[in-house]
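Novice: Here it is: the structure, laid out below.
The values are calculated or read from the model by the stated rules, or taken from the named source; none is laboratory data. In this text, all values refer to a predicted model and were calculated from it rather than measured experimentally. Using ideal geometry, Cβ is built from the backbone for each residue, glycine included, and neighbour counts are taken over all protein chains shown.
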Amino acid sequence: MEKKQTIIELTQLGKVFHTKDGSVSALENIDLQIYEGEIFGIIGMSGAGKSTLVRCINFLEKPTSGEVIFDGQKLSQLTEKELRAVRRSMGMIFQQFNLLMQRTAFQNICFPLEIAGMEKSAAKERAEELLEIVGLSDKRNVYPSQLSGGQKQRVAIARALATKPKVLLCDEATSALDPSTTQSILALIKDINRRLGITIIVITHEMSVIEEICQRVAIIDDSKIAEIGTVEEIFTRPKSAAGRKFFFPGGAKTRELTGDRCIRVVFDGGNAYEPVIANMILECKVPVNILFGDIKNIDDKSFGHLVLQIPDDERTKGRIVAYLQEKNLTVEEVIENV
């Protein structure tokens, strides 16, 4: 099996902000490896520390402790000039696009190339190529005020790719967009990863974004990494309370389940559309109550899960679990509120 090449490594990373009211710890003991060519997700609720983390990755915020290693270089040991060169290898796109309103789409894409000192004709050629990649060749001379939100983000993506970075950082890049536009932007990001082989880091608070395009994900909670794994692993067997929370949209709680036991049943592709629960009820001759259900698309495969309320009886629970496991389903008891 081919060994994956690490492009970004964070070791014992910490960030403390000092204010007049005291010190605030934004990040604590972050250990993380991101592999070359993958789409890696970082998810957390507001205030968890994810935006601080992405700013530490490109050293726009200097960590208080620990190391950021990019492509074999410890960023803490670089001069300001060397850091600027490294940042050109890390393109970034934002929630609010951050385009220059007085410049056309074409001129916005040329801007980082001008700063990098690229020869004018080469910069123009690169900008034309990128407009083609993001599907905006016909908007070359249009100003941001005349573009839709999705089109603005496409210009921002093209601009971030202008200097041929090795990594693209996406900080809540779809949060300001409607669901349909979000889908088209995520499809574009996935296509760029596939075509250009660029490593992409997606920072978001939306699990649907992670499920749509990421291979692996880190869940950040209260300034720390709660767990890391493939999206499939964390969906199937979340190990942390923070991980489990993301699979119950709208803050659905299990407190209403008191009295009877609850189990979470996870199924994938081949059995997602089989009447497994109905067959289980007939086979085990036991009533169950479906309290929660969802089907998701993760890495082009269908996954689903159900939370079932079952009788509070050990023998009955054993029969139900045995039946479901025989069907190659993952079953876990839901104990805590989520």
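Novice: Which of the residues spanning the range 150-183 are modelled with pLDDT of 90 or more, out of contact with any helix residue (DSSP H, G or I) (no Cβ under 6 Å at 6 or more places or on another chain) and among the small types (Gly, Ala, Ser)?
Specialist: If the condition is that a residue be modelled with pLDDT of 90 or more, out of contact with any helix residue (DSSP H, G or I) (no Cβ under 6 Å at 6 or more places or on another chain) and among the small types (Gly, Ala, Ser), then ALA156, ALA160 are the ones that fit.
Novice: Within the range 85-99, work out how many residues are surrounded by fewer than 16 Cβ atoms within 10 Å (Cβ to Cβ) and within 15 Å of ILE157 (Cβ to Cβ).
Specialist: Number of matching residues: 2.
Novice: Modelled with pLDDT under 95, closer than 22 Å to ARG244 by Cα and surrounded by fewer than 16 Cβ atoms within 10 Å (Cβ to Cβ): does that describe GLY22? Quick ask: steps written out before the conclusion?
Specialist: Working: modelled with pLDDT under 95: yes; closer than 22 Å to ARG244 by Cα: no; surrounded by fewer than 16 Cβ atoms within 10 Å (Cβ to Cβ): yes.
Considered against the rule, which asks whether it is modelled with pLDDT under 95, closer than 22 Å to ARG244 by Cα and surrounded by fewer than 16 Cβ atoms within 10 Å (Cβ to Cβ), GLY22 comes out as no.
To keep it simple, each residue is scored yes or no on (1) touching a residue at least 40 places away in the same chain (Cβ under 8 Å); (2) within 19 Å of GLU36 (Cβ to Cβ); (3) in contact with a Phe, Trp or Tyr (Cβ under 7 Å, 6 or more places away or on another chain).
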residue: PRO63; (1), (2), (3): yes, no, no
residue: GLY66; (1), (2), (3): yes, no, no
residue: GLN73; (1), (2), (3): no, yes, no
residue: SER76; (1), (2), (3): no, no, no
residue: ARG87; (1), (2), (3): no, yes, no
residue: PHE97; (1), (2), (3): yes, no, no
residue: LEU100; (1), (2), (3): yes, no, yes
residue: THR104; (1), (2), (3): no, no, yes
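Novice: Another question, then. Take LEU291 and decide whether it is modelled with pLDDT of 75 or more and under 28 Å from ARG216 (Cα atoms). Walk me through how you get there before you give the answer.
Specialist: On the way: modelled with pLDDT of 75 or more: yes; under 28 Å from ARG216 (Cα atoms): no.
No, not satisfied.
Novice: Of the residues in the range 126-145, how many are in a helix (DSSP H, G or I) and closer than 21 Å to LEU188 by Cα?
Specialist: The number of residues fulfilling the criteria is 12.
Novice: So which of PRO112, PRO144 is at negative phi, at pLDDT below 95 and touching a strand residue (DSSP E or B) at 6+ places or on another chain (Cβ under 9 Å)? Lay out the reasoning, then the answer.
Specialist: Numbers: PRO144 fails: touching a strand residue (DSSP E or B) at 6+ places or on another chain (Cβ under 9 Å).
None of the others qualify; the one that does is PRO112.
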